[in-house]
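Beneath this line is the structure, given in C-alpha cells, with notes to follow.
Throughout, read-outs are computed from the coordinates displayed, never taken from laboratory work. Please read all numbers here as calculations on a predicted model, not as lab measurements. Cβ: placed from backbone, ideal geometry, glycine included. Neighbour counts: every protein chain shown.
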Amino acid sequence: MVEMPDTVRAYQKTQIFTDRTTPGMMKNDHRVRSGVWAKIVVQKGEVVYEIPERDETATLTPDAPGVIEPLVTHRILPKPGSKFYLEYYR
C-alpha cells in the first residue's frame, strides 16, 4: 500500500461508520477526485480495503489504517462489529 505524501493536509472527516451504516457506494467501485487523498481510520474491528485494478486486498485494523490515492478505484467492506471513518487530505 502506498503512503500519503507529506505535502497534503487534512481538511475533512466523515462520521463514524459501521458495517450497517456504511453507504452502499463505498462498498462498490468508486474513487476520490483528482488531488484528494483519504485515510481509512479503523476504530474497532476490521475493514477490508480492495483495489480491483491492482488486484490488491488489505485488512485494515486500528493499528493499520488504509490510504486511498486520488482517482484509484477501490471498495471499502467493513466486517461485522467494525467502526471506521475517513479523513480527506489535499
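Which loop GluC sites (Glu not before Pro) in region 1-76, with loop taken from DSSP, have no more than 15 other Cβ atoms within 10 angstrom of their Cβ?
Qualifying residues, ordered by number: E3.
Which net charge results when you count Lys and Arg as +1 and Asp and Glu as -1 among the other residues whose beta-carbon is under 13 Å from that of E69?
Values: positive: R31, R33, K39, R54, R90; negative: E3, E53, E56.
Every neighbour counted, the sum reads +2.
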_If neighbour count is taken as other Cβ atoms inside 10 Å, put Y49, Y85, Y11 in order from fewest to most._
Y11, Y85, Y49
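Could you list T18, T7 in order of exposure, starting from the residue whose Cβ has the fewest other Cβ atoms within 10 Å?
Values: T18 15, T7 7.
Final ranking by Cβ density, sparse to dense: T7, T18.
Extension gain K44-T14, at 0.36 nm per residue separation less the Cα-Cα distance, in nm? Show your work: numbers first, answer last.
On the way: separation 30, 0.36 × 30 = 10.80 nm, distance 1.57 nm.
The K44-T14 span can extend by a further 9.2 nm.
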*Taking the chain, how much of its Cα-Cα pair set, in percent, is spaced more than 19 angstrom apart?*
32
*What number, in percent, do you get for the relative contact order of region 10-89 if the mean sequence gap of Cα pairs under 8 Å and at least 6 apart is divided by its residue count?*
49
*How many nm separate the modelled label positions at E3 and E56, each set 7 Å beyond the Cα in the direction of the Cβ?*
1.4
*Of T7, T22, A64, which is farthest on the positive side of the dipole of the chain, counting Cα position, with +1 on Lys and Arg Cβ, -1 on Asp and Glu Cβ, and the Cα centre as origin?*
T22
*Amide H neighbours of V32 under 5 Å, counting only residues 5+ apart in sequence or on other chains, H built in-plane at 1.01 Å?*
L71, V72
